[in-house]
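Participant: After the structure tokens below, expect a handful of questions from me.
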Amino acid sequence: MSILIDQSAKVLVQGITGRQGGFHAKLMLEYGTDVVGGVTPGKGGEWFEGKPVFDTMRSAVETTNADVSLVTVPARFAADAVMEAADAGIRLVICLTEHIPVADMMRTLEFCRRRATRLIGPNCPGVMTPGQAKVGIIPAMVAMPGNVGVVSKSGTLTYEVGFAMKNAGIGISTIVGIGGDPVIGTTFVEVLEMFENDPETEKVALLGEIGGSAEIVAADYIKNAMTKPVAAFIAGRSAPPGKRMGHAGAIVDGGEGSAEEKIQALEVAGARVAANPEEIPGLLA
Amino acid sequence: MKLHEYQSKFLFREFGIPVPLGKVAATAEQAFEIASSSGGVVVIKAQVHVGGRGKAGGVKVARNAAEARQYAQEILGMDIKGLRVDKVLVDPGADIKQEIYLAITNDRSAGKPLIMTSMEGGMDIEELNRQRPEAIVREHIDPFAGLQDFQMTYIASAMGLPRAQWRGFGKILRGLYQCYCESDAELAEINPLVITAEGVLLAVDGKVIIDENALFRQPALVERRDTSGEPESERLAREAGITYIKLEGQIGCMVNGAGLAMTTMDMTKLYGDADGIGPANFLDIGGGATPEQVAAALRIILSDSNVKSVLFNIFGGITRCDEVANGILTAYNEVEPSVPMVIRLQGTNAAAGNRIISEARIPNLISADTLTEAAQRAVAAVKEQA
């Protein structure tokens, strides 16, 4: 078991004929993910690595019975692509695209909620269940199968921690990159809940950062409802207030969203918080 | 992107929100003329992108045009929290009976627009939220249905607004919501919205922040960007497509990915703070950076004279470390930095990348295996120069 995806996931790539979409679709296929096709409006009828390309998500889903979709299209078209996937009945949409306007994301998220479609991202590296499937850009080399669940707002920091865990002989059940934007489809708490209910996940690593209050809400959940041990790291202790640190959501604003308050809340909730991400494997051992 | 107060209020006016009919002055003489033609009491307000103008002496009430000139003279050129005042807004004075807070913002947790309002306006909303959160009325807006009349009635009654003001307040709220939507604002705030002695509602101060990611469809607003407060290095980085933020420390950081970039900064502080050493910048070089981008980023980092060592922390996922190593060497030869550089390459093709660096035999290049080691060596390199 694992959460969100396993080897049975049938995946469509929206933007499969694009440079990014095509590159990562190939890596996903190499990893063993069941990529059943892709969608690029205007290129229906073409083939990509032996997989059919469709004009619309509706026709792609009808033909392939896909249940998962990866959105790799540019920011101006990404909100539309997510809604198209939800409208076509996709269960899980993973959106990698960065720089989507927040107003578009709020409408898109509401659209997904009304169709019971789960959205992961945007501005995220995707989801990987080591040894089974990956949907997104997480490199194969950063994780091995195991029973620690990883949930994170950032990409390369997650690779760093996954890799350190692998070097320490610790495997991962599923990695979920939830994204660094202010408004995202799936929050820390929702993923923690899935890990709590997943029999193959024994411990959880949570990688947060400054901005917003999602880590505080997660700390409440850990305190009140979680039985599995949690190790955590919060990036941005040295970030000055009022400055956006790369990720659109990573800003300490009006005294809210600082690393200190998040670390304190997590510690109070019983999580083991590392001052250095390379200490995470030690906290999970 | 932040708009100045005067820009925010001019924008509000386009959406039918009543604001004082003030004008902007860049000289004391202009302030005099504006005050003369408006007649009576005016308020001279510094236009800078920073809070706490009033406390810093950037807002003054002038009883006549001569005083307006004198105060404008004092405020123009003033330094407020590191920013120079180039413009003042000269607004006609208002006889204020009541101050209201009203704002629409993106609620991150709910993923919906949120109206926040209070009869206790004028003060900082964060401060009010800490002291008396119950004094703030909050209402989410359905992003598809938009603001409804019943919500306006609910808000007006819940906040305890006098009935005589409901109609006027409803018009302002509708205008502000329209402004928020059509401008792609992440914040549209009126603080204070005042009730005057004549019983009229007036938006006396305004603040609008536009979502950077939506600027592509806001050409008229992009033209209003004021970059005068932006450090030169941040402007160069923005033009080169690199995210760079200048900080106060001594260790220049070059990292791929925003979360890892913040983490790398944190590590320099974790191991350097006891000696007053920390990060000189945030810099995310992004995925698949070219040698040209690495060189540009290195030049920007080194343009900060506080930098005493540079820390490269690259986790190669899709990015290959051998390619990054070649990029670093090209950049090194082009820029010829005089400060030590600590290089840590991990992930895809890390061994090949480290071999390229070590074979180059450059005296002030220091390699490291782990992030911990890299941060400690960058700190040590700064200490050796002290």
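Participant: Please list, in order along region B:363-370, the HN-Hα scalar couplings obtained from phi with the Karplus expression 6.51 cos²θ - 1.76 cosθ + 1.60 (θ = phi - 60°), rounded to whole Hz, x for Gly and Pro.
Facilitator: x, 9, 9, 10, 9, 8, 8, 10
Participant: Run a plain Debye calculation on chain A (Cα atoms as equal point scatterers, no solvent) and give log10 I(q)/I(0) at q = 0.09, 0.11, 0.12, 0.15 Å⁻¹, rounded to two decimals, same order as the q list.
Facilitator: Each listed q corresponds, in turn, to -0.40, -0.59, -0.71, -1.09.
Participant: Take B:Asp369 and A:Glu256, extend 7 Å from each Cα along the Cα→Cβ direction, and tell me the distance between the two endpoints in nm.
Facilitator: 4.5
Participant: Label-point separation (nm) for B:Ser338 and B:Thr290, each offset 7 Å from Cα along Cα-to-Cβ?
Facilitator: 3.1
Participant: Using a 7 Å offset from Cα along Cα-Cβ at B:Lys97, what residues in region B:196-216 end up with backbone N under 20 Å from the label point?
Facilitator: B:196-205
Participant: At 18 angstrom or more along the helix axis (alpha-carbon based) and mean Kyte-Doolittle of -0.5 or higher, what helices does chain B contain? Whole DSSP H runs only.
Facilitator: Sorted by number, the helices that extend far enough and score high enough are B:166-182, B:258-272, B:321-335, B:371-385.
Participant: With +1 on each Lys and Arg Cβ and -1 on each Asp and Glu Cβ, and nothing else charged, work out how big the dipole of region A:1-145 is about its Cα centre, in Debye to the nearest 20.
Facilitator: 180
Participant: Efficiency by 1/(1 + (r/R0)^6): what FRET value for B:Asp226 and A:Thr17, r their Cβ-Cβ distance, R0 = 45 Å, to the nearest 0.05?
Facilitator: It comes out at approximately 0.60.
Participant: Can I ask one more? Just to be sure I understand the model, the point goes 7 Å from the Cα along the line to the Cβ. What's the resulting B:Glu359 to B:Met78 distance in nm?
Facilitator: The modelled label-to-label distance comes out at 6.3 nm.
Participant: Could you compute the FRET efficiency for B:Met119 and B:Lys2, with r as their C-beta to C-beta distance and R0 at 25 Å, rounded to 0.05?
Facilitator: Between B:Met119 and B:Lys2 the formula returns 0.40.
Participant: Please report the base-10 log of the normalised intensity I(q)/I(0) for region B:96-222, using a Debye sum with one equal scatterer per alpha carbon and no solvent, at each q in 0.09, 0.15, 0.17, 0.18 (1/Å).
Facilitator: Calculated log10 I(q)/I(0) at the listed q: -0.25, -0.69, -0.88, -0.98.
Participant: Write down Rg/Rh for chain B, rounded to two decimals, with Rg from the C-alpha atoms and Rh from the Kirkwood relation over Cα pairs.
Facilitator: Reported Rg/Rh, Kirkwood definition of Rh: 1.08.
Participant: Something else about it: Please report, in cubic angstrom per residue, the volume enclosed by the convex hull of the alpha-carbon atoms of the protein assembly as shown.
Facilitator: 161
Participant: Could you tell me the calculated FRET efficiency between A:Asn167 and B:Gln385, based on Cβ-Cβ distance and R0 = 51 angstrom, to the nearest 0.05?
Facilitator: 0.95
Participant: Please check which bits of region A:132-176 a label hung off A:Gln7 would reach, taking the label as a point 7 Å along Cα-to-C-beta and the cut-off as backbone N under 15 Å.
Facilitator: The answer is A:132-134, A:145-146.
Just so you know, all these numbers are worked out from the coordinates, no wet-lab data involved. No experiment lies behind these values; they were computed from the predicted model shown. Heads up, the Cβs are rebuilt from the backbone with ideal geometry, glycines too, and the neighbour counts pull from every protein chain shown.
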